[in-house]
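Undergrad: I'd like to ask you about the structure that follows.
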Amino acid sequence: DARQLPNTDNSVDAMLLLGPLYHLVEKEDRIACLREARRILRAGGLTWAAGISRFASLFDSLSSGFFEDPEFAPILERDLEDGQHRNPTASSTYFTDAYFHKPGELSREFLAAGFQVVEIAAIEGPGWLARDFDRLWNDPVQRERLLTIIRKVEREPSILGASSHIMAIGRK
């Protein structure tokens, strides 16, 4: 249970949280998880924590072809309204119950747990939108061009939510 870790205080240099912040659907539980991570970190230690973007269901439904599914419509509406992703169907296509963050929310939860926020980053970055990503990546000239452009926008706050997954990095 990420809200009650067995480690002693100040016992680790780094934490990696891949799952707790979206599988813990209540804000209090997410902050408890982050406080636990902070508790067991040594001074100056870092925590990396992944979140799912509030807009991930929209992107996934459009790119995977189930946007028009009437069973999915209320799931998407709630995701966009309050981030509480609920899947009452038997379809694993629609993921499981989870919480989907806006980038600023993830940052505020880190601050509420006592972390200094080092960075909020897009995990996929804008390259995931390329229809022919493999071709671009395999062409050395186009790969370098793509990386150059991505480096110019990777820290742009207004597009962080365009990634399906976001990463918060916090320092104790």
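Undergrad: Any residue at all in region 106-118 that is open to solvent by less than 30 Å² (accessible area, probe 1.4 Å), at pLDDT below 95 and outside any loop (DSSP other than H, G, I, E, B)?
TA: No - not one qualifying residue is present in region 106-118.
Undergrad: A further question follows. Mind listing whichever residues of region 81-117 are over 15 Å from the mean Cα position of the chain (by Cα) and among the aliphatic types (A, V, I, L, M)?
TA: Within region 81-117, ALA90, LEU111, ALA112, ALA113 qualify.
Undergrad: Looking only at region 122-172, count how many residues are farther than 30 Å from LEU41 by Cβ and among the polar types (S, T, N, Q).
TA: 4
Undergrad: Taking region 119-148, which residues are open to solvent by 60 Å² or more (accessible area, probe 1.4 Å) and in a helix (DSSP H, G or I)?
TA: Across region 119-148, the qualifying residues are TRP128, LEU129, PHE133, ASP134, ARG135, TRP137, ASN138, PRO140, VAL141, ARG143, GLU144, ARG145.
Undergrad: Residue under question is ARG86, and the condition is that it be open to solvent by 80 Å² or more (accessible area, probe 1.4 Å), at negative phi, out of contact with any His (no Cβ under 7 Å at 6 or more places or on another chain) and charged (D, E, K, R); does it hold?
TA: It is false that ARG86 is open to solvent by 80 Å² or more (accessible area, probe 1.4 Å), at negative phi, out of contact with any His (no Cβ under 7 Å at 6 or more places or on another chain) and charged (D, E, K, R).
Undergrad: Follow-up. Return yes when SER63 is small (Gly, Ala, Ser) and over 18 Å from the mean Cα position of the chain (by Cα) and no when it is not.
TA: yes
Undergrad: Considering only region 7-74, give the helices (runs of 4 or more DSSP H) lying wholly within it that have at least 2 residues that are of a type in the set (S, T, N, Q).
TA: 56-64
Undergrad: Based on this model, can you work out whether ILE159 counts as of a type outside the set (Gly, Ala, Ser), in contact (Cβ under 8 Å) with a residue 12 or more places away in the chain and open to solvent by less than 60 Å² (accessible area, probe 1.4 Å)?
TA: no
The values are calculated or read from the model by the stated rules, or taken from the named source; none is laboratory data. Predicted model, so just to flag it, every value in this text is computed and none were measured. When we count neighbours, we look across all protein chains shown, and the Cβ atoms used for this are built from the backbone with ideal geometry, even at glycine. Protein only, heavy atoms only, side chains kept; ligands, DNA and RNA dropped before computing areas. Shrake-Rupley method; radii C 1.70, N 1.55, O 1.52, S 1.80 Å.
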